[in-house]
Every structure is written in structure tokens, then in C-alpha cells.
Amino acid sequence: MAPNEEESGAGNGSVEEKENVKKMLRPRSSVTTAWLIFYNITMTAGWLVLAIAMARFYMDKGTYKGLYKSIQKTLKFFQTFALLEIIHCAVGVVHTSVLVTGVQLSSRIFMVWFVTHSIKQIQNEESVILFLVVWTVTEITRYSFYTFNMLNHLPYFIKWARYNFFIILYPVGVVGELLTIYAALPFVKRSGMFSVRLPNKYNVSFDYYYFLLIIMASYIPLFPQLYFHMLRQRRKVLHGEVIVEKDD
Ligand SMILES: CCCCCCCCCCCCC[C@@H](O)CC(=O)SCCNC(=O)CCNC(=O)[C@H](O)C(C)(C)COP(=O)(O)OP(=O)(O)OC[C@H]1O[C@@H](n2cnc3c(N)ncnc32)[C@H](O)[C@@H]1OP(=O)(O)O
């Protein structure tokens, strides 16, 4: 999928553009390719298992109450396993932004472990189901895209879905996450969880309630960076534009 030097027009470009083209042209070793194919198939299967488990729960029970509890182990395993993607970027196994991937993964890990796992009172909120469904559709699409792309048999629908679904699903997922954090605020304020009060021997205080408010506010500058990154990737993949990304 990556353009070659002629297609990219970077042959006579700046040193940075040539570096980017070299990065794109650098072939992966067979071991790396095998690992990525295994990783992407595993992640596709894991999120498919999650999707089937959620659908079966709802069809059996007729409600989403208790759904999160029934799938939380699978969700925690596969969302935490995705942390490997920061290593993939950092060591150059995949050519994408470490920063963008890191921000994306930190929001998912934070939501899974420091909100829905830690504050059980909000696990049946509609907003949890909203972001769970959105994450699941997105990740099945994303990992199957990577898998088929690496096998050089990429159905156009998968490519189209990979670079169009996010246009709606990204903001919807953000709304689900923000509503979930907002629903957790009263429980955090009442319990004082994860907080450190003064006086103490370290003379340091930390209030998880205000930390959650800061996290919610951080979506304002950070989410657009991710969204514009995906729009740039979309232009590159669907419209053949050559995007020279700053090395993050
Ligand atoms: C301490 C508390 C911290 C709290 C932080 C708070 C932050 C708040 C702001 C963040 C908000 C995020 C909210 C978010 O969680 C909501 C949702 O996710 S809702 C669901 C919708 N979401 C999406 O659609 C985004 C899904 N995520 C992604 O797409 C990726 O994670 C992302 C990093 C965002 C983009 O991926 P990438 O940069 O990799 O783009 P591409 O897929 O186009 O890939 C680029 C090239 O790399 C190759 N690649 C990447 N990974 C692989 C792989 N596993 N196997 C093979 N190849 C891979 C890909 O093929 C591309 O190659 P090429 O350029 O040659 O085509």
C-alpha cells in the first residue's frame, strides 16, 4: 500500500521526505511479518469474540444490565495486549506515529482499568455500552484491515470501512467515554478513591475527582490530533495523497 519513491514524488524531495519514503520502503523481515500477521489475526479474533459475547448476552437476557461484567475479562485482556502497538511503532515494525498511538492507547487503558474496572457503580451505564460497541466495531475493522493488507488480499470494503467508519465512530466513542467519566464523578467524590489528602509525611495531595476533570478537559486538545491523523491517513490511502508526517 505504501507508495514507492516515484509514486510518492519524494525522489526529488527534502531529506525528511526521502527519509519517510525510505522508512516506507524498508521491507520487514519475514519474522516481523509473521509476528504482525499473528498479532493482527489474534486481535481480530479477540474483538470478534467480544462482539459475539455481547450480542449473545443481549439476546439471552434482553437487557444490557450485567453485560460489561460478563465480557470484562476478554475486554481487559485484548485492550491491554494492544499496548504492544506502542512497541511496534517505537521499534519501527510499523510506520506510524508513536505519539498518536500512545495517546489512543492511553485513553483506552485508562477507561478500561481506571474508570470502568475501578468504579463498579458505573459499569451498567448506557455510555459504557456505547463506547464498548463502538470500540468493538472499530477494532474488528482495524485489525482485519491490517491482516488482509499484510496478506495482500485486502477487500475494498474493509479498506473503505477502515477509513470511513471512524468519521462517525470516533466522536461517538469519545462521547461514550466522556459520559462514563462524568457518571463516575459523584462516586469518586464521595469515596475519595485514588486520592491523597493533606497532611501527610510527603506533604503531597492528589484528588482523583479533579484528575478526572482534567482528563475530560484533555480530550479537547488531544482528540482532534487523533481525528486529523486519521483524516490524513484516509486521504493517503483512499486518494493516494502523499502525506509527509513529522517524525513524532
Ligand atoms: C493518564 C490518562 C491518559 C488519558 C488520555 C486521554 C486522551 C484523550 C484523547 C484521546 C481520545 C481517544 C478516544 C478513543 O478511545 C475513542 C475511540 O477509539 S472510539 C472508536 C473509533 N476509533 C477509531 O477509529 C480509532 C482507532 N484507532 C486507530 O486507528 C489507531 O489506534 C490510531 C493510532 C489512532 C491510528 O492508527 P495508525 O496510525 O496505525 O493508522 P493506520 O491504520 O492508517 O496505519 C498506519 C500505517 O501503519 C501500519 N500499521 C499500523 N498498525 C499495524 C499493524 N498492527 N499491522 C500492520 N500494519 C500496521 C498500517 O498498515 C499503515 O501502513 P501504511 O502507512 O504503509 O499504509
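Just how many pairs of Lys in region 30-239 have C-alpha atoms closer than 28 Å, counting pairs that are eight or more places apart or on different chains?
Close lysine pairs under the 28 Å cut-off: 18.
Using the charge dipole of the chain (Lys, Arg: +1 at Cβ; Asp, Glu: -1 at Cβ; taken about the Cα centre), state which of ASN200, PHE228, LEU169 has its Cα farthest towards the positive end.
The one lying farthest along the dipole's positive direction is ASN200.
Within region 69-89, what residues put their amide N at less than 13 Å from the label point 7 Å along the Cα-to-Cβ vector of ASN124?
Once the point is set 7 Å along Cα→Cβ of ASN124, 69-70 turn out to lie under 13 Å by backbone N, inside region 69-89.
Take the chain, connect every pair of alpha-carbon atoms lying under 10 Å apart with a spring to form a Gaussian network, then pick out the residue of MET111, MET59, MET43 with the largest mean-square fluctuation.
MET59
Please report Rg (one decimal) and Dmax (integer) in Å for the Cα set of region 131-230.
Rg, Dmax (Cα atoms, Å): 19.2, 62.
Name the most mobile residue of LYS65, LYS201, LYS236, meaning the one with the largest mean-square fluctuation, in a Gaussian network model of the chain with Cα contacts below 10 Å.
LYS201
Subtracting the Cα-Cα distance from 0.36 nm times the residue separation, let me have the gained length for ASN152 to THR42 in nm, one decimal. Please list the in-between numbers first.
On the way: separation 110, 0.36 × 110 = 39.60 nm, distance 1.79 nm.
Length difference between fully extended and current span is 37.8 nm.
What are the extents of the Cα atoms of region 112-166 along their three principal axes, listed from largest to smallest and rounded to whole Å?
So the three principal-axis extents are 45, 17, 12 Å.
For a quick check: with amide H placed at 1.01 Å from N, whose amide H comes under 5 Å from VAL94's, ignoring anything fewer than 5 positions away on the same chain?
Hits under the 5 Å cutoff: CYS89.
What translational diffusion coefficient, in µm²/s and rounded to a whole number, does the Stokes-Einstein relation yield for region 39-175 at 37 °C and a viscosity of 0.692 mPa s, taking the hydrodynamic radius as the Kirkwood radius over Cα pairs? Let's see the in-between values first.
On the way: Rh = 15.7 Å.
Estimated diffusion coefficient is 209 µm²/s.
Working from the alpha-carbon coordinates of the chain, get Rg over Rh, Rh being the Kirkwood radius.
Working: Rg = 20.4 Å, Rh = 20.0 Å.
When Rh is taken as the Kirkwood radius, the ratio is 1.02.
Comparing VAL31, VAL93, VAL204, which has the greatest mean-square fluctuation in the GNM of the chain with Cα pairs linked when under 10 Å apart?
Residue with maximal mean-square fluctuation among VAL31, VAL93, VAL204: VAL204.
Quickly estimate the mean residue ellipticity at 222 nm for the chain, helices only: each DSSP H run with n ≥ 4 gives -39500 (n - 2.57), and the total goes over all residues, rounded to 500. Could you put the intermediate results ahead of the total?
Working: 10 runs with 172 residues, N = 248.
Rounded to the nearest 500, the figure is -23500 deg cm²/dmol.
Suppose R0 equals 30 Å; then what is the FRET efficiency for ARG197 and SER70 from their Cβ-Cβ distance, rounded to the nearest 0.05?
Numbers: r = 36 Å, r/R0 = 1.21.
In this case the efficiency is close to 0.25.
What does the extension gain come out to for VAL31 and HIS117, with contour length at 0.36 nm per residue minus their alpha carbon separation?
Details: separation 86, 0.36 × 86 = 30.96 nm, distance 3.56 nm.
Here the segment from VAL31 to HIS117 would lengthen by 27.4 nm.
Taking the Cα centre of the chain as origin and charging only Cβ (+1 Lys, Arg; -1 Asp, Glu), how large is the dipole, in debye to the nearest 20?
My answer is approximately 840 debye.
So how strong a dipole does region 41-156 carry about its Cα centre when Lys and Arg Cβ are +1 and Asp and Glu Cβ are -1, to the nearest 20 debye? Display every interim value, and only then the final one.
On the way: 9 positive and 5 negative charges, 65 e Å.
Result for region 41-156 is approximately 320 debye, rounded to the nearest 20.
How high is the relative contact order of the chain, given as a whole-number percent (alpha carbon pairs under 8 Å, six or more residues apart)?
Details: 207 pairs, mean separation 52.0, N = 248.
It comes to 21 percent, rounded to a whole number.
If the only charges are +1 at each Lys and Arg Cβ and -1 at each Asp and Glu Cβ, what is the size of the charge dipole of region 115-248 around the Cα centre, to the nearest 20 debye? List each step's numbers first, then the result.
Details: 13 positive and 9 negative charges, 18 e Å.
It comes to approximately 80 debye.
Calculate the spin-label point distance for ALA53 paired with ALA90, positioning each point 7 Å from the Cα along the beta-carbon direction, and give it in nanometres.
Calculated label separation equals 2.8 nm.
Starting from region 118-157, pick out the chymotrypsin sites (Phe, Trp or Tyr not before Pro) whose DSSP state is loop and whose Cβ has at most 12 other Cβ atoms within 10 Å. Can you show the working numbers first?
Details: sites: PHE131, TRP135, TYR143, PHE145, TYR146, PHE148, TYR156, PHE157; in loops: none.
Nothing satisfies the criteria.
Multiply the residue separation of ILE168 and ARG235 by 0.36 nm, subtract the distance between their alpha-carbon atoms, and state the gained length in nm to one decimal. Before the final figure, lay out each step's value.
Working: separation 67, 0.36 × 67 = 24.12 nm, distance 1.63 nm.
So the chain would gain 22.5 nm between ILE168 and ARG235.
Each value in this text was obtained by applying a stated rule to the coordinates, not by laboratory testing. Keep in mind it's a predicted model, so treat the numbers as computed, not measured. Cβ coordinates were reconstructed from backbone atoms using ideal geometry, including for glycine residues, and neighbour counts include every protein chain displayed.
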